[in-house]
Amino acid sequence: MAEVERCDVLVVGGGPAGSTIATLLAREGRRVVLLEKTHHPRFHIGEFLLPGNVALFEKRGVRDQVARIGLPKYGIEFVPPDSDQRTYVDFAEGWDPAKDSAWQVRRSELDELLFRHAATVGATTLEGAKVRTVDFDDDGATVGARLDDGSTRTWRTRFVVDASGRDTVLANQFKTKQKNPEHNSTALFGHFRDARRLEGRREGNISICWFEHGWFWFIPLADGTTSVGAVCWAYYMKARDKPLKDYFFETIRLCPELHDRLKYATLVDDQVHATGNFSYSSSQATGDRYLLVGDAFTFIDPMFSSGVYLAMQGAFDGADFVRTALDRPSELGRARAD
């Protein structure tokens, strides 16, 4: 039989939530194992960071590294479908003027940066390890994972953090995942070279362009490419009567300003992606020996691009919960209620 390895905390998922909570707990000298089913760098949508992320990167000790891979942005442009009028909102106009900027990032680069950083502070990181079983008992949990080569590894852990993103490992196991009927949206997206951007200080700003069936994001990236995606009501995607790429370009033509910005652009790798029914939540976030953070717990419509921020902030808050579970279990009931 394969040897059973031991740790204090096992984290499922090597995205921003998982790598952040692994970092925070490993820095305290705890034995933390961080499992990622794929290999970094891997593609992920969600390139827009909020100003609130900046302080979290600072606390993790990676602010300078993130700044090197990101394109600075200071606000948002809103583009209506039937008017030349534009609305510009700067982050400095918000509740906290000090939170005046953030970055646009390629998630493949950001997620790898955060994952590698977790290893530098003492977390044991393993890629190509897909969790297949999580069995809880009174003392902790036994977690089994299958590796890329077909072999298996097993850990005995005192606590499990599910940061598996849309895989929602524990929510599926507990059957607590619920779709959000109010946000039954779909998305089409791709990356373009040579898109026309805003000028000067606004070059890195996101543009939100809405149209009859939904809205577009237009996110400039530091490598010169631009992420463009359409979030549509489900009925619009169900009406698709042509190949995905053709339908995407047809949808772009419904927004004249966006179409003009892309008229000399080329689609990177000639590839268009699609996803749907992506707003959901779990009715349960914590237990005596587990915690769900980030998209493993809930995901909402991304117009305000809160995903990475909520994942990381949830990891900071979740680290306190894990400490309570490990060090002061008598206080866990109150911590769960809070």
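The values are calculated or read from the model by the stated rules, or taken from the named source; none is laboratory data. Small disclaimer: the values here were computed from a predicted structure and weren't measured. Virtual Cβ from ideal backbone geometry, glycine too; neighbours counted across all protein chains shown. For accessibility, only protein heavy atoms count, side chains too; no ligands or nucleic acids. Shrake-Rupley method; radii C 1.70, N 1.55, O 1.52, S 1.80 Å.
Restricting to segment 98-144, what's the tally of residues that are more than 21 Å from residue 223 (Cβ to Cβ), among the acidic types (Asp, Glu) and at pLDDT 95 or above?
Qualifying residue count, segment 98-144: 4.
Being of a type in the set (Gly, Ala, Ser), crowded, with 20+ Cβ neighbours inside 10 Å and at positive phi narrows it down to one residue among 165, 200, 224; which is it?
165
Can you name the condition, by its number, that residue 284 falls short on among (1) at pLDDT below 95; (2) assigned to a helix (DSSP H, G or I); (3) over 17 Å from the mean Cα position of the chain (by Cα)?
Of the numbered conditions (1) at pLDDT below 95; (2) assigned to a helix (DSSP H, G or I); (3) over 17 Å from the mean Cα position of the chain (by Cα), the odd one out for residue 284 is (2).
Taking the stated definitions as given, is residue 86 farther than 30 Å from residue 157 by Cβ, open to solvent by 10 Å² or more (accessible area, probe 1.4 Å), without any contact (Cβ under 8 Å) to a residue 24 or more places away in the chain and within 20 Å of the chain's Cα centre (by Cα)?
So residue 86 does not fit the description; no.
Farther than 19 Å from residue 40 by Cα and part of a loop (DSSP other than H, G, I, E, B): is that true of residue 149 in this structure?
No.
Among the numbered conditions (1) at pLDDT 95 or above; (2) buried (at least 18 other Cβ atoms within 10 Å of the Cβ), tell me where residue 250 comes up short.
Looking at each condition in turn, residue 250 falls short on (2).
One line per residue, one yes/no per condition, for (1) in contact (Cβ under 8 Å) with a residue 40 or more places away in the chain; (2) charged (D, E, K, R); (3) surrounded by 20 or more Cβ atoms within 10 Å (Cβ to Cβ); (4) within 12 Å of residue 290 (Cβ to Cβ):
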position	(1), (2), (3), (4)
125	yes, no, yes, no
135	no, yes, no, yes
139	no, yes, no, no
143	yes, no, yes, yes
157	yes, no, yes, yes
171	yes, no, yes, yes
181	no, no, no, no
188	yes, no, yes, no
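Taking the condition of being surrounded by 15 or more Cβ atoms within 10 Å (Cβ to Cβ) and in a helix (DSSP H, G or I), how many residues in segment 89-107 meet it?
2
Note down all Cβ pairs under 8 Å where the first residue falls in segment 212-223 and is of a type in the set (Asp, Glu), the second is outside any strand (DSSP E or B), and they're at least six residues apart or on different chains.
Listed by first residue and then by second, the contacts come to 212/81; 212/254; 223/106.
Is it the case that segment 110-128 has a residue that's in a helix (DSSP H, G or I), farther than 30 Å from residue 156 by Cβ and over 17 Å from the mean Cα position of the chain (by Cα)?
No, segment 110-128 has no match at all.
I'm checking my understanding of the structure. Among residues of segment 162-208 that are of a type in the set (Lys, Arg) and within 30 Å of residue 243 (Cα to Cα), which one is nearest to the chain's Cα centre (by Cα)?
The selected residue is 166.
Just give me the residues in segment 287-316 being in a loop (DSSP other than H, G, I, E, B) and either open to solvent by 50 Å² or more (accessible area, probe 1.4 Å) or at pLDDT below 90 (or both), in sequence order.
Across segment 287-316, the qualifying residues are 288, 289, 297, 300, 301, 305, 306.
Restricting attention to segment 324-338, and to residues there that are without any contact (Cβ under 8 Å) to a residue 12 or more places away in the chain and of a type outside the set (A, V, I, L, M), which single residue is nearest to residue 53 (Cα to Cα)?
For segment 324-338, the residue satisfying everything is 338.
For (1) within 29 Å of residue 51 (Cβ to Cβ); (2) at pLDDT 95 or above; (3) crowded, with 16+ Cβ neighbours inside 10 Å, each residue gets a yes or a no:
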site: 220; (1), (2), (3): yes, yes, yes
site: 235; (1), (2), (3): no, no, no
site: 263; (1), (2), (3): no, yes, no
site: 268; (1), (2), (3): yes, yes, no
site: 280; (1), (2), (3): yes, no, yes
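Please determine whether any residue of segment 75-83 is modelled with pLDDT of 95 or more and among the polar types (S, T, N, Q).
no
Anything in segment 84-97 that is polar (S, T, N, Q) and at pLDDT 90 or above? List them, or say none.
87
Quick one: which residue in 116, 197 is of a type in the set (Lys, Arg) and touching a strand residue (DSSP E or B) at 6+ places or on another chain (Cβ under 7 Å)?
From the options 116, 197, the qualifying one is 197.
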